[in-house]
Amino acid sequence: MRVVIAEDSAILRAGLAQLLAVRGHEVSAQVADAAAAIAAVRESAPDSGSDRISDGIPDAVVMDIRMPPTFTDEGIRAALELRAAYPKLGVLVFSQYVEARFAARLLEHGASGFGYLLKDRVADVSEFVDALSRVAAGGTALDPEIVTAMLNANADRALASLTPREYEVLGLMAEGRSNAAIGRALVVSDGAVEKHIGNVFSKLGLEPGADEHRRVVAVLRYLERR
C-alpha cells in the first residue's frame, strides 16, 4: 500500500509514517499542508485528470482537516479535489474534530474509498492500519461519532425545512393534541391540519404507513432538538 500523509504536526506525521513503514507499507510523501498533498498525488499521476491508479499513484491519502495557512477546512477542500480528480484514490480524513458537514460533502462522491477517523478515538495502531487498508481497497471506515453527527445534522436540516406553521403544528402534536384540538388552537380546518401534518411527515422522511408511528417519531425528533 502506497500512502501520502498530509499532517501539519511534524511528530504525528513522522509517527504515522514510521508505523506504516514497519508494517511493510510505502509512504510516498509526507507533507505539512493540503496544497503539497495535492501536488504529491498529481506528480505521480500518469496524466492530468486521470483516475487510473498506476504504479506511481498512491493508494490512499491520510488527510488532516485544519492545516496551514488558515487552519480551517484546507484538508477537506483538498480531499474533495482529489476525490473528484481521482475517484479510485482512497481518502482517509484523520482529525480531532467532528465535522459532519464536511463528511457529508465528501460522501457526495460516494462512500467507496472514504474514511473519517477521530485521532482521540483510535484505540490501537492495528485499528488505524486496518481502516486505512480498507479505504485504500475501496471500502469505507467511519467513526461512529461521525455517523451520529451526520444523522443529527440531517435531522436538524429536516426540521429547519419546515414552514413556521408546520413547525407550530408539530409543536402542538408534541403537546399530545389531536388533529381537532390543533385545528381549534390555530383556527384552521381539520383538512388544513391534516395537510400540514402530511407535509411534516414528508419533510422528515417518514414514509406512509401507520400514522400513529409516524406521529410518535416526528414528535421525538422535535423534542430531541428542543
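The values are calculated or read from the model by the stated rules, or taken from the named source; none is laboratory data. Just so you know, these numbers come straight off a predicted model, no measurement behind them. All Cβ positions, glycine included, derive from the backbone under ideal geometry; neighbour counts span all protein chains shown. Accessible surface areas use protein heavy atoms only, side chains included; no ligands, DNA or RNA. Shrake-Rupley method; radii C 1.70, N 1.55, O 1.52, S 1.80 Å.
Report the residue, chosen from Val91, Val122, Val62, that carries the largest GNM mean-square fluctuation when the chain is represented by alpha-carbon nodes joined by springs under 10 Å. Among Val91, Val122, Val62, the largest GNM mean-square fluctuation belongs to Val122. Straight Cα distances below 25 angstrom link Lys119 to the lysines Lys88, with same-chain residues fewer than 8 positions distant left out. Calculated mean residue ellipticity, 222 nm, the chain: -16500 deg cm²/dmol, from DSSP H runs (n ≥ 4) at -39500 (n - 2.57) each, averaged per residue and rounded to 500. Taking the convex hull of the alpha carbon positions in region 160-204 and averaging its projected area over all directions gives 2.7 nm². Ignoring lysines fewer than eight residues from Lys195 along the same chain, the ones with Cα atoms less than 17 angstrom from its Cα are Lys203.
Ligands, DNA and RNA left out, the accessible area of the chain computed with a 1.4 Å probe is 51% carbon and sulfur. Since only Ser112, Ser9, Val147 are under comparison, the one whose Cα sits farthest along the positive direction of the charge dipole of the chain, derived from C-beta charges on Lys, Arg, Asp and Glu, is Val147. The modelled label-to-label distance for the pair Ala153/Glu175, using points 7 Å beyond Cα in the direction of Cβ, is 3.5 nm.
Just checking the listed ones, His109, His213, His25: in the Gaussian network model of the chain with Cα springs under 10 Å, the one fluctuating most is His213. Remark: region 81-93, residue by residue, has Karplus-estimated 3J(HN,Hα) of 5, 5, 5, 6, 7, 10, x, 8, 7, x, 10, 10, 7 Hz, where x stands for each Gly or Pro and the curve is 6.51 cos²θ - 1.76 cosθ + 1.60 at θ = phi - 60°.
In terms of overall dimensions, the chain has a Cα radius of gyration and Dmax of 23.1, 72 angstrom. Here the average projected area of the convex hull drawn through the C-alpha atoms of region 97-226 stands at 9.9 nm².
When each of the peptides 151-158, 82-89 is scored by how many other beta carbons lie within 10 Å of its residues on average, the order from highest to lowest is 82-89, 151-158. Per residue, region 98-181 exposes 48 Å² of solvent-accessible protein surface, assessed with a 1.4 angstrom probe and all protein chains in place.
Put the Cα centre of region 57-89 next to the Cα centre of region 165-224 and the gap is 43 Å.
Working from the Cα coordinates of region 108-163, the gyration tensor eigenvalues give, after taking √(5λ), semi-axes of 28, 14, 5 Å in decreasing order.
Springs join every pair of Cα atoms under 10 Å in this Gaussian network model of the chain, and among Arg214, Arg66, Arg77 the largest mean-square fluctuation is at Arg214.
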